[in-house]
1. Count neighbours as other Cβ atoms within 10 Å of each site's Cβ, and list the GluC sites (Glu not before Pro) in the range 97-161 that are DSSP loop with at most 12 such neighbours.
2. Please compute the Kirkwood hydrodynamic radius of the chain from all pairs of different C-alpha atoms, in Å with one decimal.
3. Which ³J(HN,Hα) values in Hz, rounded to whole numbers, follow from the phi angles of the range 180-185 under the Karplus curve 6.51 cos²θ - 1.76 cosθ + 1.60, where θ = phi - 60° and Gly and Pro get x?
4. Taking loop as defined by DSSP and a crowding limit of 12 other beta carbons within 10 Å, which GluC sites (Glu not before Pro) in the range 164-234 fit?
5. Can you give the FRET efficiency to the nearest 0.05 for GLN169 and GLN197, using r as the Cβ-Cβ distance and R₀ = 22 Å?
6. DSSP loop trypsin sites (Lys or Arg not before Pro) in the range 102-180 with at most 14 other Cβ atoms within 10 Å of their Cβ, which ones?
7. With springs only between Cα atoms under 10 Å apart, run a GNM on the chain and tell me which of SER66, SER110, SER219 wobbles the most.
8. Grab the DSSP H runs of the chain that are 4 residues or longer, score each as -39,500 (n - 2.57), total them, divide by all residues and round the 222 nm result to the nearest 500 deg cm²/dmol.
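Where a number appears in this text, it was derived from the coordinates with a stated rule and is not lab data. The structure displayed is predicted, hence computed values, not measured ones. All Cβ positions, even for glycine, are placed from backbone atoms using ideal geometry, and neighbour counts span all protein chains on display.
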Amino acid sequence: MSRRNVLVTGANRGLGLEYCRQLLARGDHVIATARRPAQAHELNRLVADHPGRLHVLPLDVADPKSELEVARELPLVLGSERLHLLVNNAGLLHSGERWPHVPASNFEDSFRTNAMGPFLLTQALAPFLADGGTVVNMSSQLGSIERATRFGTPTYCITKAALNMVTRQLAAALSERDITVVCLHPGWVQTDMGGEQAPLPATESVQGLLRVIDGLRRSDSGRFLDWQGEALPW
């Protein structure tokens, strides 16, 4: 596979950091974003190990001004080239939510991060996406309405369901440029969000996710898939 330009959000830890590791190992050029790059120590070590192939930009996906700033900075990194893959990975989960005491503030920042942010960032970066490129929205099976059978992490579940609709909307908006947009569930992964009890290592999850991304066809745009390529119910 030829070298790709890839932008990954939420790259300071967890799945985002593992995406960067594996993409760099493939020889890709990676633009990684984090809210506080100076504190992203593992990411900065990767910069030192891959000079010229990993660039780190500040981004708070919940802040539309921050997203526009990334759009202004991107041409300085890419030059005349285009992005082949955008991975909207940054996400937020409020743990410990209990009925009937879920605060409005949880909804506000969850929606900004999990649904509004990926939409607005993709919109801002659309001029820099290559025709025939790919946009991946990191969703969750917890956003599946059909599978919702219990009360738990409601603001996360609700906003991931909204992200799934974001995916369908972006798929339609970018269809004329043959850009494939999908939402992917990474499995229950051993990250800060997934917890130590999760059965799936981040390395294995991202390996599977990249296999799915590599195998996407134009007809897959708008689909909801897991890390093994299986379709999930909406």
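1. Working: sites: GLU97, GLU108, GLU146; in loops: GLU97, GLU146.
Hits after loop and neighbour filter: GLU146.
2. Numbers: mean 1/r = 0.0565 Å⁻¹.
Hydrodynamic radius (Kirkwood, Cα only) of the chain equals 17.7 Å.
3. After applying 6.51 cos²θ - 1.76 cosθ + 1.60, I find 8, 10, 9, 10, 10, 9 Hz.
4. Details: sites: GLU176, GLU196, GLU204, GLU230; in loops: GLU196, GLU230.
In loop regions of the range 164-234 (DSSP not H, G, I, E or B), the sparsely surrounded GluC sites (Glu not before Pro) are GLU196, GLU230.
5. Numbers: r = 35 Å, r/R0 = 1.57.
My answer for the efficiency is 0.05.
6. Working: sites: ARG112, ARG147, ARG150, LYS160, ARG168, ARG177; in loops: ARG147, ARG150.
Answer by residue number: ARG147, ARG150.
7. Maximum fluctuation in the GNM of the chain, among the listed residues, is at SER219.
8. Details: 7 runs with 87 residues, N = 234.
Mean residue ellipticity, 222 nm, calculated: -11500 deg cm²/dmol.
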